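Every read-out reported here was derived from the displayed coordinates using simple, explicitly stated rules and does not represent laboratory data. Every value quoted in this text rests on a predicted model; they were computed, and no experiment measured them. Using ideal geometry, Cβ is built from the backbone for each residue, glycine included, and neighbour counts are taken over all protein chains shown.
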Amino acid sequence: MNINSYLLQLEQKKFSGRQVVAYSARGYPISFYHHLAAHTAHALGLPLRIFAGDNIEELIGSLSMSFLGSAFLFFIPDIACFSASARKKLDAFLSDYHGEHPVILGNSGGVWVPSYVSFLVEFEEKLSADEANALARLFFPQVWSASEQAMRFTRPVLLGDFIALSFARALSMGISSAAFDDYTVRITTNEGSVFSLAQFWLAKDMSKFGELWRVMGSSYPVEYWVSFFSDLLWQAAYCVQQGGRSLERALSNRLPFSFAKRDWRAYEVRELAAAHAYLYALDWQNKHGGSIQQLDLFIVKFSSGGFAR
């Protein structure tokens, strides 16, 4: 079902305990999933419990128990965080689930429709302006009622951008709609996405990175790119240091999904730290009259493994 059908099911109170709902979208729009799960819990009148760990026995134990008949809405942000064996246990448990707690499973993409899923909610890559406005009204009712015009979307928006843009709109009520739309061209993802740029850069796929860089490199000042690469290296180093154990945290820190899932294994912390130190020196030089070409040299050196030596 699509988002409109899902919201209608909620409005008509067609959800109950012992039901499993799955969200599926390209990429991993974690903020959107969280807000939709929170809205679902509110609509059902249930407390929301978010399970972001990897202890499958703890999850199964929690789903099997109910204190004095009280129920929770369990939200599992991404089933991909479980190992194959843990996933098999969860599938077996949910296939014969008779607990009181409804369950929402987040899916990071791909074809996945287990027979025990009562509702599969599939999201398009973009929300239409009407869908975005309907969701903004649900997710941010107080802000919407205070200034509907300021919150209103006038064009389609990528799923991954929706929550950030909603917050931005709430903070910019004094800005005209036309001015805000012009501003969001700079801060939203598009075909030349900074998120795709990060993905290709960390994967060292210079063919795809180069195509985007030629389009985007001149769209922002050097200071922006220094900050962009600096934050990316910092978050990537933390992910590698943690052994990739916290998928949800990595994604919430804006790391590309492909890096959080697999590409981190190709790195050592010292390589990322060396790149960050180089970038720090580059920033100092740029502020003291250095050449913009130094940023290109940094990108080439990183992609060729120059900091790993």
Taking only C-alpha positions in the stretch 194-299, Rg and Dmax in angstrom work out to 13.7, 42
Straight-line reach check, Lys204, cutoff 20 Å on alpha carbons, 8 or more apart in-chain or any other chain, hits among lysines -> Lys261, Lys301
Computed for the stretch 3-122: size of charge dipole around the Cα centre, +1 on C-beta of each Lys and Arg, -1 on C-beta of each Asp and Glu, debye to nearest 20, value 160
Here the stretch 301-306 yields Karplus 3J(HN,Hα) values (6.51, -1.76, 1.60; θ = phi - 60°; whole Hz; Gly and Pro given as x) of 4, 5, 5, 8, x, x
Placing one equal point scatterer on each C-alpha of the stretch 3-122 and summing with Debye, one gets log10 I(q)/I(0) at q = 0.13 Å⁻¹ equal to -0.46
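What is the local net charge at Lys126, summed over the other residues whose Cβ is closer than 11 Å to its Cβ (Lys, Arg +1; Asp, Glu -1)?
Details: positive: Arg26, Arg155; negative: Glu124, Glu125, Glu131, Asp161.
That sum, taken over residues with Cβ under 11 Å, equals -2.
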Diffusion coefficient in µm²/s returned for the stretch 50-106 by Stokes-Einstein, Kirkwood Rh over C-alpha pairs, 10 °C and 1.306 mPa s, is 137
